[in-house]
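S.K.: I'd like to ask you about the structure that follows.
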Protein chains: 4
Amino acid sequence: MARIRLGMVGGGNDAFIGGVHRIASRIDDRYELVAGALSSTPEKAQASGKVLGLARIYDDYKQMAIREARLKNGIEAVSIVTPNHVHYEAAREFLKRGIHVICDKPLTSTLADAKKLVKAAENSKALFVLTHNYTGYPMVRQAREMVANGDFGKIRVVQVEYPQDWLSVEQDFKQAEWRTDPARSGAGGSTGDIGTHAHNLARFITGLEVESLAADLEAFVPGRKVDDNGHVLLRFEGGAKGMLWCSQVAPGNENALRIRVYGETGGLEWAQEDPNYLWHTPFGEPKRLITRNGAGAGDAAARVSRIPPGHPEGYLEGFANIYSEAADAIVAHRDGQPVPADVLFPTITDGLKGVEFIDACVRSSARNAAWVKL
Amino acid sequence: MARIRLGMVGGGNDAFIGGVHRIASRIDDRYELVAGALSSTPEKAQASGKVLGLARIYDDYKQMAIREARLKNGIEAVSIVTPNHVHYEAAREFLKRGIHVICDKPLTSTLADAKKLVKAAENSKALFVLTHNYTGYPMVRQAREMVANGDFGKIRVVQVEYPQDWLSVEQDFKQAEWRTDPARSGAGGSTGDIGTHAHNLARFITGLEVESLAADLEAFVPGRKVDDNGHVLLRFEGGAKGMLWCSQVAPGNENALRIRVYGETGGLEWAQEDPNYLWHTPFGEPKRLITRNGAGAGDAAARVSRIPPGHPEGYLEGFANIYSEAADAIVAHRDGQPVPADVLFPTITDGLKGVEFIDACVRSSARNAAWVKL
Amino acid sequence: MARIRLGMVGGGNDAFIGGVHRIASRIDDRYELVAGALSSTPEKAQASGKVLGLARIYDDYKQMAIREARLKNGIEAVSIVTPNHVHYEAAREFLKRGIHVICDKPLTSTLADAKKLVKAAENSKALFVLTHNYTGYPMVRQAREMVANGDFGKIRVVQVEYPQDWLSVEQDFKQAEWRTDPARSGAGGSTGDIGTHAHNLARFITGLEVESLAADLEAFVPGRKVDDNGHVLLRFEGGAKGMLWCSQVAPGNENALRIRVYGETGGLEWAQEDPNYLWHTPFGEPKRLITRNGAGAGDAAARVSRIPPGHPEGYLEGFANIYSEAADAIVAHRDGQPVPADVLFPTITDGLKGVEFIDACVRSSARNAAWVKL
Amino acid sequence: MARIRLGMVGGGNDAFIGGVHRIASRIDDRYELVAGALSSTPEKAQASGKVLGLARIYDDYKQMAIREARLKNGIEAVSIVTPNHVHYEAAREFLKRGIHVICDKPLTSTLADAKKLVKAAENSKALFVLTHNYTGYPMVRQAREMVANGDFGKIRVVQVEYPQDWLSVEQDFKQAEWRTDPARSGAGGSTGDIGTHAHNLARFITGLEVESLAADLEAFVPGRKVDDNGHVLLRFEGGAKGMLWCSQVAPGNENALRIRVYGETGGLEWAQEDPNYLWHTPFGEPKRLITRNGAGAGDAAARVSRIPPGHPEGYLEGFANIYSEAADAIVAHRDGQPVPADVLFPTITDGLKGVEFIDACVRSSARNAAWVKL
């Protein structure tokens, strides 16, 4: 089966997430990266494109969208891996030309942009895939499947957190710089960068939407313009309650995304840094350790696993699962078929939910952690 | 040195915590249990007293207080281990007769009682010791010492939680029954029974008081009259912020009290179920595992440790530390000396703070998690 | 029920294990320590006895045995907690006068002494209890019960180890000094001090005796006269095979005794430093975490547990279990009854097996790790 | 830079390791798989090649070697991923035509073949790379670097193990079938399949060769023709001693390769199933957790890491590191340059050492675990 011709916007030499997307696209051999506008600076865009050996290098994404759309074998999909404030305009250019978009999270830097992008996607035949990559981990799929199967009964409590420590002090390298600039990152700092991952993970696993939240955000590092710590109370549809904590000032935490879900008849626990394990406790029985592809793991996890249990898959494989799910959808689209039922990836709706979450956190915190509906 | 003559109120045959107090009082050989009114039912009180071989068995605590106070070698201290609603009246009887009180937590079942008991203690020469036993763990002492030494810089974030699972379903045995009855337990359910432990631990380690809180309490099990899950946002004096979660409906959690504290220059983590370990991360350095009496552990922990590292001490030893600290204070009192400076135990002030915490949680939750000052 | 009158030989001020025995004897309130010959130096014996408030202080153990045997209310049992080379002669004095002996391990410093002591015990009506204390841990009992129940099928592989690090360099304090002196410790260094614990634990849990072994012992620290590291291949009766590793020169290990047992249908794992957990994997199913007194734990563990799951019991409670089992046996003996069937403690036979193990290791190693029958 | 043209021998549809090699070769985008003889059955070879979209599909490897060597743009390297007994003849065909060989472990199924293959490699200008993939893990590189830097002083003790459980019962699927057939797997069962990994890992990290060993091998499952459990005592050059355990009958173990190394001044621990962590204890200091790319990790690990700490890399990335190291060497070879000094991959010498290890284990065990020189 022919590889999907892929382009990339952003992701030049000094970027982190662009390289991740490129590896993720390669792991299952479903894509071939052929074109790119890898930087907002034309010289950098050219230089980075050459290093990668791209067939077609562009100075800017709009030019790329226009030309690729006209080529007989132009790109079928584009990965957008720029800072947040560029997502909306870049994605729109490709969507309106029927090129599938694989976009980094959060969807946009403002809620207004997010809503406009939803419309742009609705008006396009192209697919829109958001890389809330943690939903690609096999044991996250396992957790979702178990909740859906009723293994925990009705869900009561959701504890989700994503602490980091890298912004415990003022940092001035590029990754830190744009992520703490509200003009580029959006109004949320830790809430936007990692809180949205936690929020999305809770929704994905439980299948429940957050109805309202109360957020107490703080910028602990002097001079910081966006929150670097967020404490959020959650109320889910159907009566479940939760807590969400995101922080970039918690020394000893690297990417300690972790979720615990408790229902009437059992509980589960999963941690991103040890992603091949899922802890499951049926109430009144010993805790069980389910391993990726191991005893007790089901179809949903097996679908997105490559190797036997005890040989760990990691972040890049989870990320690759989003790309490979997208590939299945794109190939179905090529053939005029609907997306297969078992294909699962975060959509623009998830993206909008994420930006609404950030917006609600910021508004709640501004009102002394008052409850805000979502 | 002569053992301290000890009495006990509550703690009959079918009680759990009475047995714990008795073992704790024996471990360091500082007490001799000689008298008791071990049940509110006289027959049970007699039977339980005989099983324990008590020298003097009473039908009720008031009778015991009166008679022991008159004896030449009457009890010097009494342990009060009844359900919460009895604490106030029982403690008052002993305090007013100059008998030291070692009382289980929470201090009382109502805030009004707590305030009256504070006055009773102020008017007594006797000591008042509250068994917030988790403060007796050596590595909790270590954590407190490190915070006080400035090892973490100014504290920014405190995450504390105490989940259990035993009340995930309706239970009707004795321990469950009185703990879910507001008349005996107080207005707080999980908040009173275990949330106070979490609150006290955060105060003890950080040395910071909670200034205000916003609590979202819930009774998930149908028919339950008190909360079985509490989500609480905390604001500490000096600007630190925190989250406190207590739950009795979280399957897979036995007594999973856990605290994480983050400051400008480092972070720590401690978990009650693995109490001999303290994780310490100086920002920018590898995480370190400090063990009880092992490398990196200091004087505060060594003072309350009995055996070498790698041989675990547990819950009973931590509880015994409260008793042994109390013994040091009682012996000093015997001799007309002040309590030695390094002796550390939870006081009636801590007890009042705990009841204020419960009261604030209940009031905040009744007002839709509005902020309540403490 | 009247407490058992207990004496102690060894365990003066600067000893470690004497204090452990005293706490262990107190935890369940079955003993009262009334007499002692706590040091081989009379002045120290007197001073140490006074600190403990002993009723009767002796200058040496023989004098103590003679006089206590004549007293109407003399000691019923004696704890022997001296360096190893004293065990035999001290124990003999009490055994021949009908006083029960609770003796620290290893049984003796030579195999000849061990055999003589076995005869002395056979000729005495008194009980002999060896404090291979790790067999007192509830989850060790659980493991033994599960093996006996056939939960693992026929046992195939046993991996047991006890690494420490405290002798990684030359040490000159008292504990190190006698333990590395073959005249007092015996011919085995790490094999005698901790290897015997590992050997006994394997026997206790599996119910299998070691038939032969091949040992490669080493003294890594220059000038050391006994082994500080032992690598041992084991062959058990019935065909199971195993490895035993003991070391005192393994930095990062405190008292890391750990055992793993694998049978036809499942495996288990237990570690002394986290003693409240037992890992059980039925082949083809997820690994399960059984906790002390928690879901999945059975009667054998419950019998020797004091408090609910999630509240850790530790080394001292495990040690106390040996004392309390001994107390049950002693009380039965008082009443002319046989030792109750569920009472379980290490006997002089276990002690002899331990000394045979040490002897076999030393002989095997001297012959280039040749196989030696046990 | 042009991708390296790669062929593959073995690795058809129902193979496991072939797919792993393909992903590993893609992750860093250094190879393009263009040709293959993917099965010893021509129909399967054709079918599997078509599924992968190979440019050139061959019925057998010899035909492939001959033709590719003649093509202008024939393959530059070949991956050999067949059962062990095919390695020698297949590798020889490519080596003698100057095509680089990337070969799965163990090197061959017999020692005689291994020695012949060494000669074949010596007579070829082509490179020979053995995929002892665990040496590709960043924290294994970190461990090796620390040992080489003298962070542990002189090495004393090495404990290495690789337990699995999948062969606890008789299995008849393809992976199990050839691995338990001495004609295809070689004389070692667990020793050959996984014991060699453990042996190689110990050599790689410590830089020490095993001088002699004593092995007690067993086939526990009735009817099994090769060992499924191996207990091995090790003596290293320079005086260090060790134990190696490999097992395929240890329920609860998936791929639990784990190594612990102790020297005069410190110890380390690494486990394959949690590969992003390295535990380091400087004697007398707290244990430290070094994470991949995190605080405390050095250049050797960073060289082979792709993403920030806290985002786990796994088995496939470690495997990819071997491929990418090989790619650096192949590119240097293209340009007539020596292999760069920091490029590190297992060589044919490592392969020979591995087969010698298997052979020594089998011979030692046949002689009742007598010492055998390596």
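S.K.: Would you mind stating whether residue D:269 is among the acidic types (Asp, Glu) and either more than 9 Å from every other protein chain (Cβ to nearest Cβ) or part of a strand (DSSP E or B) (or both)?
M.R.: Details: among the acidic types (Asp, Glu): yes; either more than 9 Å from every other protein chain (Cβ to nearest Cβ) or part of a strand (DSSP E or B) (or both): yes.
The answer is yes for residue D:269.
S.K.: Report whether or not residue B:132 is within 20 Å of residue B:199 (Cβ to Cβ), without any contact (Cβ under 8 Å) to a residue 60 or more places away in the chain and touching a helix residue (DSSP H, G or I) at 6+ places or on another chain (Cβ under 8 Å).
M.R.: On the way: within 20 Å of residue B:199 (Cβ to Cβ): yes; without any contact (Cβ under 8 Å) to a residue 60 or more places away in the chain: no; touching a helix residue (DSSP H, G or I) at 6+ places or on another chain (Cβ under 8 Å): yes.
Criteria not met by residue B:132.
S.K.: Same structure, new question: Regarding the stretch A:235-252, can at least one residue be identified that is within 13 Å of residue A:135 (Cα to Cα) and more than 8 Å from every other protein chain (Cβ to nearest Cβ)? Spell out the reasoning first.
M.R.: Of all residues in the stretch A:235-252, those within 13 Å of residue A:135 (Cα to Cα) come to none.
So far as the stretch A:235-252 goes, no, none of its residues is within 13 Å of residue A:135 (Cα to Cα) and more than 8 Å from every other protein chain (Cβ to nearest Cβ).
S.K.: Restrict the check to the stretch D:255-264 and report whether at least one residue is within 14 Å of chain A (Cβ to nearest Cβ), of a type in the set (A, V, I, L, M), under 30 Å from residue C:153 (Cβ atoms) and not in a strand (DSSP E or B).
M.R.: Taking the stretch D:255-264 as the starting set, the residues that turn out to be within 14 Å of chain A (Cβ to nearest Cβ) are D:255-258.
Now narrow it down to the ones that are of a type in the set (A, V, I, L, M): D:256-257.
From what's left, under 30 Å from residue C:153 (Cβ atoms): D:256-257.
If we keep only those that are not in a strand (DSSP E or B) too, we end up with D:256-257.
Within the stretch D:255-264 (the criterion being within 14 Å of chain A (Cβ to nearest Cβ), of a type in the set (A, V, I, L, M), under 30 Å from residue C:153 (Cβ atoms) and not in a strand (DSSP E or B)), the answer is yes, since at least one residue qualifies.
S.K.: Taking residue B:148 and the conditions (1) within 14 Å of chain A (Cβ to nearest Cβ); (2) modelled with pLDDT of 95 or more, which numbered condition does it fall short on, given that it satisfies the others?
M.R.: (1)
For every residue, the table says whether it meets (1) closer than 20 Å to residue B:348 by Cα; (2) polar (S, T, N, Q); (3) out of contact with any Cys (no Cβ under 7 Å at 6 or more places or on another chain); (4) in the same structural domain as residue B:366 (by TED's automatic domain parsing).
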| site | (1), (2), (3), (4) |
| --- | --- |
| B:188 | yes, no, no, yes |
| B:195 | yes, no, no, yes |
| B:219 | no, no, yes, yes |
| B:224 | no, no, yes, yes |
| B:232 | no, no, no, yes |
| B:239 | no, no, yes, yes |
| B:255 | no, yes, yes, yes |
| B:258 | no, no, yes, yes |
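S.K.: With B:22, B:67 as the choices, which residue is under 30 Å from residue C:47 (Cα atoms) and either in a helix (DSSP H, G or I) or away from chain C (no Cβ under 14 Å) (or both)? Talk me through it step by step, then tell me what you get.
M.R.: Working: B:67 fails: under 30 Å from residue C:47 (Cα atoms).
Result of the check over B:22, B:67: B:22.
S.K.: Which residues, taken from the stretch A:316-341, are within 30 Å of residue D:308 (Cα to Cα) and either of a type in the set (Asp, Glu) or in the same structural domain as residue A:16 (by TED's automatic domain parsing) (or both)?
M.R.: A:317, A:325, A:328
S.K.: Then there is this: Among (1) within 14 Å of chain C (Cβ to nearest Cβ); (2) under 22 Å from the mean Cα position of the chain (by Cα), which single condition is residue B:12 missing?
M.R.: All conditions are met except number (1).
S.K.: Separate question: Please count how many residues of the stretch C:208-227 are more than 9 Å from chain D (Cβ to nearest Cβ) and among the acidic types (Asp, Glu).
M.R.: 3
S.K.: Right, something else. Quick one: how many residues across the stretch B:207-224 are free of Cβ contacts under 8 Å to residues at least 60 places away in the same chain, touching a helix residue (DSSP H, G or I) at 6+ places or on another chain (Cβ under 9 Å) and over 18 Å from residue A:233 (Cα atoms)?
M.R.: Going through the stretch B:207-224 one residue at a time, the tally reaches 1.
S.K.: To continue, here is another question. With the stretch B:168-235 as the region, which helices (runs of 4 or more DSSP H) entirely inside it contain at least 1 residues that are among the acidic types (Asp, Glu), out of contact with any strand residue (DSSP E or B) (no Cβ under 7 Å at 6 or more places or on another chain) and farther than 21 Å from residue B:374 by Cα?
M.R.: Because the criterion is at least 1 residues that are among the acidic types (Asp, Glu), out of contact with any strand residue (DSSP E or B) (no Cβ under 7 Å at 6 or more places or on another chain) and farther than 21 Å from residue B:374 by Cα, the helices (runs of 4 or more DSSP H) in the stretch B:168-235 that meet it are B:174-179.
S.K.: Can you tell me how many residues in the stretch D:306-349 are under 21 Å from the mean Cα position of the chain (by Cα), β-branched (Val, Ile, Thr) and surrounded by fewer than 21 Cβ atoms within 10 Å (Cβ to Cβ)?
M.R.: Of the residues in that region, 4 qualify.
S.K.: I would also like to ask the following. Could you check how many residues of the stretch D:267-296 are over 22 Å from the mean Cα position of the chain (by Cα), surrounded by fewer than 23 Cβ atoms within 10 Å (Cβ to Cβ) and in contact (Cβ under 8 Å) with a residue 40 or more places away in the chain?
M.R.: Qualifying residue count for the region: 2.
S.K.: From the list D:189, D:153, pick out the single residue that is farther than 26 Å from residue C:248 by Cβ and modelled with pLDDT of 95 or more.
M.R.: On the way: D:153 fails: farther than 26 Å from residue C:248 by Cβ.
Being farther than 26 Å from residue C:248 by Cβ and modelled with pLDDT of 95 or more holds for just one of D:189, D:153, which is D:189.
S.K.: For residues in the stretch D:276-331 being within 13 Å of chain A (Cβ to nearest Cβ) and polar (S, T, N, Q), which is nearest to residue D:152 (Cα to Cα)? Break it down into steps so the answer makes sense when it comes.
M.R.: Filtering the stretch D:276-331 down to residues within 13 Å of chain A (Cβ to nearest Cβ) leaves D:276-277, D:288-297, D:305-321, D:323-324.
Those left that are additionally polar (S, T, N, Q): D:276, D:291, D:293, D:305, D:321, D:324.
Numbers: D:276: 20, D:291: 18, D:293: 21, D:305: 24, D:321: 26, D:324: 30 Å.
Once the filter is applied, the top-ranked residue is D:291.
S.K.: Okay, moving on. Applying the selection to the stretch B:328-374, what residues are over 19 Å from residue B:131 (Cα atoms), acidic (Asp, Glu) and part of a helix (DSSP H, G or I)?
M.R.: Within the stretch B:328-374, just B:359 meets the criteria.
S.K.: Mind counting the residues in the stretch A:28-44 that are of a type in the set (Asp, Glu) and crowded, with 16+ Cβ neighbours inside 10 Å? It would help to see each step written out before you state the result.
M.R.: Step one: of the stretch A:28-44, the residues of a type in the set (Asp, Glu) are A:28-29, A:32, A:43.
Restricting the remaining residues to those that are crowded, with 16+ Cβ neighbours inside 10 Å gives A:28-29.
Total satisfying the criteria: 2.
S.K.: Going by the conditions given, is residue A:200 polar (S, T, N, Q), within 28 Å of residue B:216 (Cα to Cα), within 9 Å of chain B (Cβ to nearest Cβ) and surrounded by 22 or more Cβ atoms within 10 Å (Cβ to Cβ)? Write out each step before concluding.
M.R.: Working: polar (S, T, N, Q): yes; within 28 Å of residue B:216 (Cα to Cα): yes; within 9 Å of chain B (Cβ to nearest Cβ): no; surrounded by 22 or more Cβ atoms within 10 Å (Cβ to Cβ): yes.
When the stated conditions are applied, residue A:200 does not pass them.
S.K.: Among the numbered criteria (1) in a helix (DSSP H, G or I); (2) over 22 Å from residue C:349 (Cβ atoms); (3) β-branched (Val, Ile, Thr), which one does residue C:86 miss?
M.R.: It is condition (2) that residue C:86 fails.
S.K.: Would you please name the residue that is nearest to the other protein chains (Cβ to nearest Cβ), looking only at residues in the stretch C:167-177 that are hydrophobic (A, V, I, L, M, F, W, C) and surrounded by fewer than 22 Cβ atoms within 10 Å (Cβ to Cβ)?
M.R.: Looking only at the stretch C:167-177, we keep the residues that are hydrophobic (A, V, I, L, M, F, W, C), and these are C:167, C:169, C:173, C:176.
Subsequent filtering for residues that are surrounded by fewer than 22 Cβ atoms within 10 Å (Cβ to Cβ) retains C:169, C:173, C:176.
Details: C:169: 7, C:173: 12, C:176: 12 Å.
The qualifying residue nearest to the other protein chains (Cβ to nearest Cβ) is C:169.
S.K.: Same structure, new question: Could you tell me which residue of the stretch B:26-44 is farthest from the chain's Cα centre (by Cα), considering only residues that are within 10 Å of chain C (Cβ to nearest Cβ) and either assigned to a helix (DSSP H, G or I) or at positive phi (or both)?
M.R.: So in the stretch B:26-44, the residues within 10 Å of chain C (Cβ to nearest Cβ) come out as B:26-29, B:33.
Filter once more, keeping what is either assigned to a helix (DSSP H, G or I) or at positive phi (or both): B:26-27, B:29.
Values: B:26: 18, B:27: 18, B:29: 21 Å.
Once the filter is applied, the top-ranked residue is B:29.
S.K.: Shifting gears a bit: Which of the residues that make up the stretch B:45-58 are in a loop (DSSP other than H, G, I, E, B) and buried (at least 23 other Cβ atoms within 10 Å of the Cβ)? Before you say what the answer is, go through the steps one by one.
M.R.: Our first condition is that a residue be in a loop (DSSP other than H, G, I, E, B); within the stretch B:45-58, this holds for B:53-55, B:58.
Across the stretch B:45-58, the qualifying residue is only B:58.
S.K.: Let me ask you something else. If you scan the stretch C:240-254, which residues turn out to be in a strand (DSSP E or B) and in contact with a Ser or Thr (Cβ under 8 Å, 6 or more places away or on another chain)?
M.R.: So the first thing to find is which residues in the stretch C:240-254 are in a strand (DSSP E or B), and the list is C:241-247.
Those that are in a strand (DSSP E or B) and in contact with a Ser or Thr (Cβ under 8 Å, 6 or more places away or on another chain): C:246, C:247.
The values are calculated or read from the model by the stated rules, or taken from the named source; none is laboratory data. Worth saying up front: this structure is predicted, and the values here are computed from it rather than measured. Heads up, the Cβs are rebuilt from the backbone with ideal geometry, glycines too, and the neighbour counts pull from every protein chain shown.
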